[in-house]
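Enquirer: Supplied in structure tokens, the structure appears directly below.
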Amino acid sequence: MKIYTRTGDQGQTGLFGGPRVSKDDLRLETYGTVDELNSVLGLVRTEALPESIGQLLERIQNELFEVGAELATFDPVARRTRTIAPEHVTAIEEAIDHYQAELPPLHQFVIPGGCGAAARLHHARAVCRRAERRLVSLVRSAEAGPISPLLLAYLNRLGDLLFVLARAVNRGAQREDVMWKKPGIE
């Protein structure tokens with residue numbers, strides 16, 4: 001099977017089981033950003049991570065494929081690509097609670113950085129927030145079709161989890177979170 005089809009040479013692509021749309025369509029921008037997030041998580045996983053975090057991120061990468069499939073389908077119920085369920089959101093919340101319990105409370109904003117894995121997790125968090133913003137725009141658009149509100153909850157919690165994991169990885173690497181210093185305050 002060839003990787004190129006030439007069907008996109010005019011700036012259009014096909015949705016799963018649906019119409020052809022422009023490659024700058026908001027739906028494509030949304031699931032493309034989810035794909036970018038998945039790629040950044042792949043970069044995170046090249047770093048030395050605790051096994052539990054590596055396994056969690058692998059599970060999330062698989063779930064992000066499910067999110068992308070649902071977004072790439074104009075009618076996900078009919079095509080059976082609607083697979084993100086409340087249990088997925090709950091699992092992320094449980095992971096947040098688990099890792100958050102090991103961290104000192106925050107009283108300031110954290111500047112992204114620290115060890116390599118934490119810096120990449122902060123990058124993943126920023127991409128996740130962009131995917132979430134794109135999804136909000138898609139949901140608000142008239143031509144969006146049926147989009148599960150669970151996708152918004154999933155991406156929202158995932159952004160929170162990635163922040164907590166960045167802090168947890170820094171702590172495990174014995175690196176302090178870098179706190180934002182408001183100008184004029186020492």
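Enquirer: Can you pull out the residues in the stretch 128-157 that are closer than 22 Å to E87 by Cβ and among the charged types (D, E, K, R)?
Expert: Those that are closer than 22 Å to E87 by Cβ and among the charged types (D, E, K, R): E132, R157.
Enquirer: Having 1 or more residues that are within 24 Å of D25 (Cα to Cα) is the bar; report the helices (runs of 4 or more DSSP H) wholly within the stretch 41-156 that clear it.
Expert: Hits in the stretch 41-156: 51-71, 116-140.
Enquirer: For residues in the stretch 60-105 being small (G, A, S) and modelled with pLDDT of 95 or more, which is farthest from L165 (Cα to Cα)?
Expert: Applying the filter and picking the extreme gives A91.
Enquirer: Does N38 fit the bill of being surrounded by fewer than 15 Cβ atoms within 10 Å (Cβ to Cβ), at pLDDT 90 or above and in a helix (DSSP H, G or I)?
Expert: no
Enquirer: Out of R129, R167, R157, R133, I need the residue that is modelled with pLDDT of 95 or more and touching a strand residue (DSSP E or B) at 6+ places or on another chain (Cβ under 9 Å). Which one?
Expert: None of the other options fit; the residue is R167.
Enquirer: Only one of R175, R120 is among the basic types (K, R), on the phi < 0 side of the Ramachandran plot, at pLDDT below 90 and touching a helix residue (DSSP H, G or I) at 6+ places or on another chain (Cβ under 8 Å); which?
Expert: Residue meeting the stated conditions: R175.
Enquirer: Does at least one position in the stretch 10-22 carry a residue that is modelled with pLDDT of 95 or more and over 18 Å from the mean Cα position of the chain (by Cα)?
Expert: no
Enquirer: Right, something else. Just the residues that are among the small types (G, A, S) and surrounded by fewer than 24 Cβ atoms within 10 Å (Cβ to Cβ), please, taken from the stretch 146-167.
Expert: Selection gives S148, A153, G159.
Enquirer: Could you check R140 against (1) at pLDDT 85 or above; (2) under 18 Å from A72 (Cβ atoms) and say which number it fails?
Expert: Going through (1) at pLDDT 85 or above; (2) under 18 Å from A72 (Cβ atoms) one by one, R140 breaks only (2).
Enquirer: Identify the single condition in (1) surrounded by fewer than 16 Cβ atoms within 10 Å (Cβ to Cβ); (2) over 23 Å from I60 (Cα atoms); (3) among the aliphatic types (A, V, I, L, M) that V110 does not satisfy, given that it satisfies every other one.
Expert: Going through (1) surrounded by fewer than 16 Cβ atoms within 10 Å (Cβ to Cβ); (2) over 23 Å from I60 (Cα atoms); (3) among the aliphatic types (A, V, I, L, M) one by one, V110 breaks only (1).
The values are calculated or read from the model by the stated rules, or taken from the named source; none is laboratory data. Please read all numbers here as calculations on a predicted model, not as lab measurements. In this analysis, Cβ positions are derived from the backbone assuming ideal geometry, glycine residues included, and neighbour counts consider all displayed protein chains.
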